[in-house]
Amino acid sequence: MDELILSYVPGTSPLHKLDPRTKLVALMVTSILVLQTATFPKLGLFAASFVLLAYLSGVGTGVFVRSIRPMLVFFTFIFLMHLFLTEGDPIFRIGVIRPTFEGLMAGTLITARFVLLILFASLLTATTRSTMITNGIERLLRSLPLKRIGLSSFDIATMMSLSIRFVPVLLDNARQIRYAQIARGLDIRHNIFRTASTTITPMIRESVSTADELATAMESRCYQGDFRTSLFELKMRAADWGVLCGIGGLAVLSYV
Amino acid sequence: MIHINNLSYRYPDGTLALDGVDMSIEKGEFVALIGKNGCGKTTLVRHLNALLTPTEGSISVFGMDTKNKSGVWNIRQTVGMVFQNPQTQFVGTTLEEDVAFGPENLTLPPNEIRKRVDRSLRKVGLLEYKTHAPKALSGGQMQRAAIAGVLAMEPECIVLDEVTSMLDPESRGNVLDTIQQLHQSGKTIIYVTQRIEEILPLADRIVSMNNGKIEFMGTPHKYLAYVESDIPAITNLMRKLKAKGFDVRDDVFAVDDAFLEIMKAWGMGKEVDGVDMLDGADKVNTDDG
């Protein structure tokens with residue numbers, strides 16, 4: 001989870017300078033387009049544009065590799081599912097195991113789509129501070145009638161930034177509880193179910209008391225969910241509108 | 001300017017935490033609130049910014065009654081509160097975002113927030129760390145960050161609830177220095193603690209609580225004359241000397257004062273003037289540390 005926060009790479013590239021809203025909208029549209037891509041040449045085009053953008057961002061390859069790594073098992077699973085379960089022309093046959101050429105094509109296409117999705121998303125997180133992403137989402141949500149379901153865009157934004165802030169804290173709590181129990185002779189490998197229950201109960205208690213203290217601190221600093229301002233001002237510049245027009249054009253083109 | 005009138009508070013589970021507390025705090029005063037765990041000091045200070053409201057009695061904070069719901073935001077802006085645990089009151093993903101949290105809630109414009117954040121961080125000496133993530137900060141730095149977060153709301157009064165209890169000695173010293181500076185700049189300080197020694201040199205007034213009641217209120221010297229156990233080592237030494245017949249005051253807690261008293265009792269007070277004595281005292285002090 002640390003990587004979620006550390007994935008921001010400070011810089012002054014054109015991508016860093018774009019408004020978070022522009023990048024969020026662009027990412028959404030790009031994701032839809034990538035998911036609808038059915039042919040390899042088109043996918044290649046997206047891959048090429050990713051390479052170009054990654055180069056422009058000045059973010060090292062390592063960041064992107066690290067964003068893919070946790071998903072490798074998932075990707076392999078998806079690929080193998082398609083390879084073995086798609087009907088068609090078999091490549092070879094050993095009993096019921098029967099990979100097909102069609103499966104190979106479908107598997108590659110779908111895996112490549114997912115990889116591209118992750119890569120474009122990590123391009124956003126690598127060039128945008130988490131606060132700015134949160135701010136961007138808040139501003140995009142502000143126009144929606146969330147009040148009707150009892151929420152405000154500010155509540156959602158605060159929840160997001162608190163999650164980013166407190167996930168490492170909670171992980172740390174979990175680690176301390178585990179150490180405390182190892183110190184008192186609990187063998188973690190011995191009985192996984194017992195370990196789970198003895199860890200989860202104090203974890204929940206700890207989290208609730210953390211949440212309670214946090215809520216008190218926030219309340220005493222005048223937190224009210226319905227309206228707040230921000231240290232960081234968001235400003236759409238000409239480049240932002242340019243990018244949005246470009247993305248819009250691309251979306252229209254892909255339907256023609 | 002805080003007036004507490006006959007305040008009682010009963011928790012929803014029926015425990016009586018405060019029992020008829022009467023007290024006034026003047027503007028610019030430094031009040032230390034001491035007492036055992038569960039004596040009601042935290043419950044009392046939580047009334048000062050309307051986190052809790054009285055079951056009986058009333059509190060007026062700079063003219064505002066805390067029972068009046070519409071004034072709650074003004075009260076919380078006037079009386080800032082810093083808590084014990086550095087981790088659970090740090091809400092931002094970076095230091096400057098955390099300090100900005102209060103002003104953001106007050107819906108100030110971004111340029112004003114920026115000004116206040118930088119000014120507050122400079123006051124607590126953390127300006128250079130402003131883009132640091134919380135895990136890059138020490139406990140003491142996080143507590144000073146919490147103080148900056150409160151300062152950014154420009155309160156009249158700052159309540160500090162056992163803010164040094166989770167810190168190492170060096171961080172504790174830094175936090176106390178910061179608090180002393182705030183007091184000197186004119187802020188009203190209400191400081192809750194269990195460590196009597198850290199607060200005696202700073203406080204104008206000591207308020208000691210027991211079982212939800214105030215049992216003592218007065219200057220640090222008067223407090224030492226009143227209290228029997230849990231006193232600073234220096235005071236203890238002076239008491240023993242006095243019991244042995246030395247003519248010394250037993251309500252002192254600073255090394256320099258104790259040194260002067262002992263020298264005087266020894267009959268050297270008339271020959272050596274006070275300034276020289278203090279030089280000697282300083283030397284004793286550094287030799288100790």
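The values are calculated or read from the model by the stated rules, or taken from the named source; none is laboratory data. What you see is a predicted model, and the numbers here were worked out from it, not measured in a lab. Note: ideal-geometry Cβ built from the backbone for every residue, glycine included; neighbour counts use all protein chains shown. Side chains are part of the model used for accessible areas, which takes the heavy atoms of the whole protein and leaves out ligands, DNA and RNA. Shrake-Rupley method; radii C 1.70, N 1.55, O 1.52, S 1.80 Å.
Looking at segment B:7-27, which of the residues that are under 17 Å from residue B:63 (Cα atoms) and assigned to a strand (DSSP E or B) is nearest to the chain's Cα centre (by Cα)?
B:25
Report yes if residue A:126 is among the small types (Gly, Ala, Ser), under 15 Å from the mean Cα position of the chain (by Cα), more than 14 Å from chain B (Cβ to nearest Cβ) and open to solvent by less than 40 Å² (accessible area, probe 1.4 Å), otherwise no.
So residue A:126 passes the test.
What is the residue count in segment A:164-191 for residues that are open to solvent by less than 60 Å² (accessible area, probe 1.4 Å) and part of a helix (DSSP H, G or I)?
Count: 12.
Kindly establish whether residue A:194 is open to solvent by 80 Å² or more (accessible area, probe 1.4 Å), over 30 Å from residue A:30 (Cβ atoms) and more than 10 Å from chain B (Cβ to nearest Cβ).
Yes.
Among the residues of segment A:212-231, how many are more than 7 Å from chain B (Cβ to nearest Cβ) and open to solvent by less than 40 Å² (accessible area, probe 1.4 Å)?
1
For residue B:76, are the conditions met, namely being more than 9 Å from every other protein chain (Cβ to nearest Cβ) and either open to solvent by less than 30 Å² (accessible area, probe 1.4 Å) or out of contact with any Lys or Arg (no Cβ under 9 Å at 6 or more places or on another chain) (or both)?
Considered against the rule, which asks whether it is more than 9 Å from every other protein chain (Cβ to nearest Cβ) and either open to solvent by less than 30 Å² (accessible area, probe 1.4 Å) or out of contact with any Lys or Arg (no Cβ under 9 Å at 6 or more places or on another chain) (or both), residue B:76 comes out as no.
Taking segment B:225-247 on its own, how many of its residues are among the hydroxyl-bearing types (Ser, Thr, Tyr) and more than 21 Å from residue B:215 (Cα to Cα)?
Adding up the residues that qualify gives 0.
Which pairs have Cβ atoms under 9 Å, sit 6 or more apart or on different chains, and link a residue in segment A:157-173 that is under 17 Å from residue B:139 (Cβ atoms) to one that is of a type in the set (Asp, Glu) and at pLDDT 85 or above?
Hits for this filter: A:165/B:98; A:173/A:206.
Of all residues being within 18 Å of residue B:75 (Cβ to Cβ) and in a loop (DSSP other than H, G, I, E, B) in segment B:30-54, which is farthest from the other protein chains (Cβ to nearest Cβ)? Just the residue, please.
B:54
If you check B:90, B:101, which single one turns out to be within 7 Å of chain A (Cβ to nearest Cβ) and under 21 Å from residue A:154 (Cα atoms)?
Exactly one residue qualifies, and that residue is B:101.
For segment A:139-163, name all the residues that are of a type in the set (A, V, I, L, M) and open to solvent by 70 Å² or more (accessible area, probe 1.4 Å).
A:144, A:149, A:159
Scan segment A:232-256 residue by residue and report those that are within 14 Å of chain B (Cβ to nearest Cβ) and either of a type in the set (Ser, Thr, Tyr) or touching an Asp or Glu at 6+ places or on another chain (Cβ under 9 Å) (or both).
A:232, A:234, A:235
Among the candidates B:130, B:115, single out the residue that is open to solvent by 10 Å² or more (accessible area, probe 1.4 Å), under 21 Å from residue A:135 (Cβ atoms), touching a helix residue (DSSP H, G or I) at 6+ places or on another chain (Cβ under 7 Å) and within 12 Å of chain A (Cβ to nearest Cβ).
Criteria check complete, one pass: B:130.
Among the helices (runs of 4 or more DSSP H) contained in segment B:148-265, which hold 3 or more residues that are surrounded by fewer than 19 Cβ atoms within 10 Å (Cβ to Cβ)?
B:169-184, B:220-226, B:233-243, B:255-265
With respect to the numbered conditions (1) within 12 Å of residue A:116 (Cβ to Cβ); (2) surrounded by 14 or more Cβ atoms within 10 Å (Cβ to Cβ), which one is the sole condition not fulfilled by residue A:35?
(2) is the only condition that residue A:35 fails.
For a quick check of your reading of the model, give me the residue pairs whose first member lies in segment A:26-51 and is farther than 19 Å from residue A:63 by Cβ, whose second is of a type in the set (Ser, Thr, Tyr) and part of a helix (DSSP H, G or I), with beta-carbon atoms closer than 6 Å and at least 6 apart or on different chains.
Going by the 6 Å Cβ cut-off, the qualifying pairs are A:33/A:254.
For residue A:116, only one of the following conditions fails: (1) open to solvent by 50 Å² or more (accessible area, probe 1.4 Å); (2) in contact (Cβ under 8 Å) with a residue 60 or more places away in the chain. What is its number?
Evaluating residue A:116 over (1) open to solvent by 50 Å² or more (accessible area, probe 1.4 Å); (2) in contact (Cβ under 8 Å) with a residue 60 or more places away in the chain leaves (1) as the failure.
Kindly provide the set of residues from segment A:139-154 that are out of contact with any Lys or Arg (no Cβ under 6 Å at 6 or more places or on another chain) and free of Cβ contacts under 8 Å to residues at least 60 places away in the same chain, ordered by number.
Within segment A:139-154, A:141, A:142, A:143, A:144, A:145, A:146, A:147, A:148, A:149, A:150, A:151 meet the criteria.
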